[in-house]
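FYI, it's all coordinate maths here, none of it is from the lab. What you see is a predicted model, and the numbers here were worked out from it, not measured in a lab. For neighbour counting, all protein chains shown are included, and Cβ atoms are generated from backbone atoms with ideal geometry for every residue, glycine included.
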Amino acid sequence: MAEPTKHYDDDLLIADLAEGQLNYGQIGQRHGLSASQVGRIARGEVRPELHARILEAAAGVREQSRRLGATLSRAAWARLGRLISAPDVPEEVQRKAAVDILKMAQDDAAAAADGRAKAGADLTGLSDQTKRRVLAELGGPET
């Protein structure tokens, strides 16, 4: 008995599954498959030779997203730092920028503690006085 012919591109199917932007139904419509067929392929129940490639591609997408997030985070840090230090910026805006910087730093510390990727921010330019002032306003611990 002849093997049924597939009418989709494995590489495109793997890319769609790895990116995670579409649900199984949408991916199925794109590739001429049913949602249940796409789910079975994604889980490795059918076409098991694709499963490792799907997992590898998904890991690559996650790593690429992490790098993009780190790059965007550095830009956000730079912008917030300029807001804090600019003499013509209203004090309330400076305070909110400082609060955001401290929140981002706490998120980075939590990420490092549980093994997640850090955002790559550098807090060396933030003065201890600014940290203390913001923590005092937030009712945080004294440093």
Item to check | Cut-off 14 Å between beta-carbons: net charge of the residues surrounding Gly25, Lys and Arg +1, Asp and Glu -1 | outcome: +1
Item to check | Per-pair calculated FRET efficiency, R0 = 30 Å: Arg66 and Val46 via Cβ, rounded to 0.05 | outcome: 0.45
Checklist entry - Between Ala58 and Arg79, what FRET efficiency comes out of the Förster formula 1/(1 + (r/R0)^6) with R0 = 30 Å and r the beta carbon distance, rounded to 0.05? => result 0.45
